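*Asks:* Input: one structure, supplied below.
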Amino acid sequence: MDSSLQTPIEATAKLTPQCIHCGLCLQACPTYIELGKEADSPRGRIYLMKAQQNGTLPVSGSFEQHISACLDCRACESACPSGVPYGELVEEARQVIEEQLHRPFLVKALRRYIFERVFPSPKRLRFHFDLLRLYQCTGLQQVVRSLRFLKLIPKRLVDLERLLPDLRKRVHHVELGTVFKAIGNPNHRVGLLTGCVMNEIFGTIHQATIRVLQRNSCEVVVPPTQVCCAALHSHAGITRVAQEMAKKNIQAFEQADVDTIIVNAAGCGAKLKEYGSLLRNDPEFSSRAHVFSQKVLDISEFLEALPTLSPLGPLEVSVAYDDPCHLLHAQKVGQAPRNLLKRIPGLKLVELKTPDQCCGSAGIYNITQYDLSMRILERKVQDIRDCDPSILATGNAGCLLQISHGLQTADLGKIQVLHPIEILDQAYQTSTEVPLDPS
Ligand code: SF4
Ligand code: SF4
């Protein structure tokens, strides 16, 4: 084991006593709301962690089951009066599971391949997305679906297949190593994290982010050696690989020499802001990780803090904003995206009843816990249906995919699902103020 890795049992034992068992977090927890069991609540899971640490509960069985059913959405952190760092606890509990649980050989091999070979390498990741694209573009997907092959394969794989986004449209990736000049005189030199899924599926959101930043006097650098942020690895308890990837990103952005590191995906932003904690015991990287994390801002935080925002054109749309859990609960950013949207002339911002409740995406939760994820999604879809906006805005790749899937399935495809930065970018397209050519 890497010497910089904190023993999870030591770390968790230090943290769990903070819980005073008041239960104030229960009604904030989507899995407790859905299943109604103490063991599927934050308090119940903390009891399970203590029992596992005390040696009275084995890792396999109910410990693994209830810890895996947690979304890691961190709504419990926002509700907790005692400041229990629940996200840290659950990730450390998952590290225990990862290290001690006996998994079948094939499952283990597949997990290793995906987490250790594919996600840390932008090239391999693109290759696998290209294969999926080919599956859809050649019509193979239609054949598989229409010939009802799906009835012959395990339900788990069928569920997975249903979640595949439409990859047939041409994706405009942002190429690593590119520098985009500011429009007019540059006031800021910022770095953009391209991430993994974001660049492969939502390259258009990166393009919109860059255009909006250029409009606001920013030179945008896309560091060439950056990799995926490792949030998925941390959530799965694969800490050693997460630490290695964090080090690569720290080096990549140090070399880029930027004032600010901009992130447009909530899950990635939360992870980058926690690199200091992830590498706290690494003598070479702990202080560099803190400096790095302090430079990280969500795109909405950055734009809202600018002394002036380049004037936006009008958009006659009604927008409901849904808070990504890792922006609201992990980064405590809730108002900035709303405030920016409100600055668009003609845009009507409408509020969902529970914008702070998870949509059930939670990284790969909708893959590993499909049924529960879809039950949680149904509540979100009902909330959106009642609100009836023309656009649903949210700032995270997983949430964009999950909510789009939910709306399509519920025959509500007329509601567009967009990232807030895409709406801002559209407002700039309608602006009468002609931008200067970047030079
Ligand atoms: S992280 Fe979310 S799902 Fe997990 S215990 Fe907390 S509120 Fe419940
Ligand atoms: S609100 Fe905090 S202190 Fe109270 S039970 Fe939940 S985690 Fe424990």
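The values are calculated or read from the model by the stated rules, or taken from the named source; none is laboratory data. Keep in mind the model is a prediction, meaning the values are calculated, not measured. Quick reminder, even Gly has a Cβ in these numbers, built from the backbone with ideal geometry, and neighbours come from all protein chains shown. Surface accessibility is based on the protein's heavy atoms, side chains included, excluding ligands, DNA and RNA. Shrake-Rupley method; radii C 1.70, N 1.55, O 1.52, S 1.80 Å.
*Asks:* Provide a single number: the residues in region 282-297 that are among the polar types (S, T, N, Q) and within 21 Å of the chain's Cα centre (by Cα). Show your work before the answer.
*Replies:* Restricting attention to region 282-297, the residues satisfying the condition of being among the polar types (S, T, N, Q) are 286-287, 293-294.
From what's left, within 21 Å of the chain's Cα centre (by Cα): 293-294.
Residues meeting the conditions: 2.
*Asks:* Failed condition for E351, given (1) surrounded by fewer than 23 Cβ atoms within 10 Å (Cβ to Cβ); (2) modelled with pLDDT under 95, with all others met?
*Replies:* Of the numbered conditions (1) surrounded by fewer than 23 Cβ atoms within 10 Å (Cβ to Cβ); (2) modelled with pLDDT under 95, the odd one out for E351 is (2).
*Asks:* If you don't mind, another one. For region 332-343, state whether one or more residues are closer than 23 Å to Q426 by Cβ and within 15 Å of ligand 1 (Cβ to nearest atom).
*Replies:* Checked against the condition, which is being closer than 23 Å to Q426 by Cβ and within 15 Å of ligand 1 (Cβ to nearest atom), region 332-343 yields no hits at all.
*Asks:* Here is a further query. Is it true that L341 is away from ligand 2 (no atom under 16 Å from the Cβ), open to solvent by 10 Å² or more (accessible area, probe 1.4 Å) and modelled with pLDDT of 95 or more?
*Replies:* Considered against the rule, which asks whether it is away from ligand 2 (no atom under 16 Å from the Cβ), open to solvent by 10 Å² or more (accessible area, probe 1.4 Å) and modelled with pLDDT of 95 or more, L341 comes out as no.
*Asks:* A follow-up question, please. Within the set of pairs 6+ apart or on separate chains, which have a first residue in region 13-30 that is open to solvent by less than 20 Å² (accessible area, probe 1.4 Å), a second that is away from ligand 1 (no atom under 12 Å from the Cβ) and modelled with pLDDT of 90 or more, and C-beta atoms under 6 Å apart?
*Replies:* T16/K50
Table: residues versus (1) out of contact with any helix residue (DSSP H, G or I) (no Cβ under 6 Å at 6 or more places or on another chain); (2) open to solvent by 20 Å² or more (accessible area, probe 1.4 Å); (3) within 16 Å of ligand 1 (Cβ to nearest atom).
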| site | (1), (2), (3) |
| --- | --- |
| Y86 | no, no, yes |
| E91 | no, yes, yes |
| I97 | no, no, yes |
| H102 | yes, yes, no |
| V118 | no, no, no |
| R126 | yes, yes, no |
| D130 | yes, yes, no |
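*Asks:* Another question about this same structure. What residue, among those in region 213-259 that are polar (S, T, N, Q) and not in a loop (DSSP other than H, G, I, E, B), is most open to solvent (accessible area, probe 1.4 Å)?
*Replies:* For region 213-259, the residue satisfying everything is Q255.
*Asks:* Sticking with this structure for a sec: So which pairs qualify, if the first residue must be in region 80-99 and hydrophobic (A, V, I, L, M, F, W, C), the second must be more than 10 Å from ligand 2 (Cβ to nearest atom) and open to solvent by 20 Å² or more (accessible area, probe 1.4 Å), the Cβ gap must be under 6 Å, and the two must be at least 6 apart or on different chains?
*Replies:* L89/L15; I97/E64
*Asks:* Considering only region 48-76, state which residues are in contact with a His (Cβ under 9 Å, 6 or more places away or on another chain) and buried (at least 17 other Cβ atoms within 10 Å of the Cβ).
*Replies:* Answer for region 48-76, where residues must be in contact with a His (Cβ under 9 Å, 6 or more places away or on another chain) and buried (at least 17 other Cβ atoms within 10 Å of the Cβ): L48, D72, C73, R74, A75, C76.
*Asks:* While we're here: Select, from Q402, Q408, the only residue that is surrounded by fewer than 22 Cβ atoms within 10 Å (Cβ to Cβ) and outside any loop (DSSP other than H, G, I, E, B).
*Replies:* Q408
*Asks:* Does L193 satisfy the condition of being farther than 30 Å from D282 by Cα, out of contact with any Pro (no Cβ under 7 Å at 6 or more places or on another chain) and at pLDDT 95 or above?
*Replies:* No; evaluated as a whole, the condition is false for this residue.
*Asks:* Between residues in region 307-320 that are touching a residue at least 24 places away in the same chain (Cβ under 8 Å) and surrounded by 13 or more Cβ atoms within 10 Å (Cβ to Cβ) and residues that are part of a loop (DSSP other than H, G, I, E, B) and acidic (D, E), which pairs lie under 6 Å by C-beta distance while being six or more apart or on different chains?
*Replies:* Within 6 Å, the pairs are P311/E433.
*Asks:* Then there is this: Identify, please: which residue in region 321-330 is open to solvent by less than 20 Å² (accessible area, probe 1.4 Å) and not aliphatic (A, V, I, L, M) and is, among those, nearest to E88 (Cα to Cα)?
*Replies:* My answer is H329.
*Asks:* Answer with yes or no whether I262 is within 25 Å of N216 (Cα to Cα), in a loop (DSSP other than H, G, I, E, B), open to solvent by less than 30 Å² (accessible area, probe 1.4 Å) and touching a residue at least 60 places away in the same chain (Cβ under 8 Å).
*Replies:* no
*Asks:* Just to be sure before I move on: is E301 at pLDDT 95 or above, more than 26 Å from T409 (Cβ to Cβ) and touching a Lys or Arg at 6+ places or on another chain (Cβ under 9 Å) in the structure I sent?
*Replies:* No.
*Asks:* Only one of these conditions is not met by K108: (1) buried (at least 21 other Cβ atoms within 10 Å of the Cβ); (2) under 30 Å from A51 (Cα atoms). Which number is it?
*Replies:* (1)
*Asks:* Is it the case that C76 is within 9 Å of ligand 1 (Cβ to nearest atom) and without any contact (Cβ under 8 Å) to a residue 40 or more places away in the chain?
*Replies:* No: the conditions fail for C76.
*Asks:* Using the structure shown, decide if I210 is in contact (Cβ under 8 Å) with a residue 12 or more places away in the chain, out of contact with any helix residue (DSSP H, G or I) (no Cβ under 8 Å at 6 or more places or on another chain) and part of a helix (DSSP H, G or I).
*Replies:* Considered against the rule, which asks whether it is in contact (Cβ under 8 Å) with a residue 12 or more places away in the chain, out of contact with any helix residue (DSSP H, G or I) (no Cβ under 8 Å at 6 or more places or on another chain) and part of a helix (DSSP H, G or I), I210 comes out as yes.
*Asks:* I'd like to know if region 415-424 contains one or more residues that are in a helix (DSSP H, G or I), within 17 Å of the chain's Cα centre (by Cα) and more than 21 Å from F302 (Cβ to Cβ).
*Replies:* No, because not a single residue in region 415-424 is in a helix (DSSP H, G or I), within 17 Å of the chain's Cα centre (by Cα) and more than 21 Å from F302 (Cβ to Cβ).
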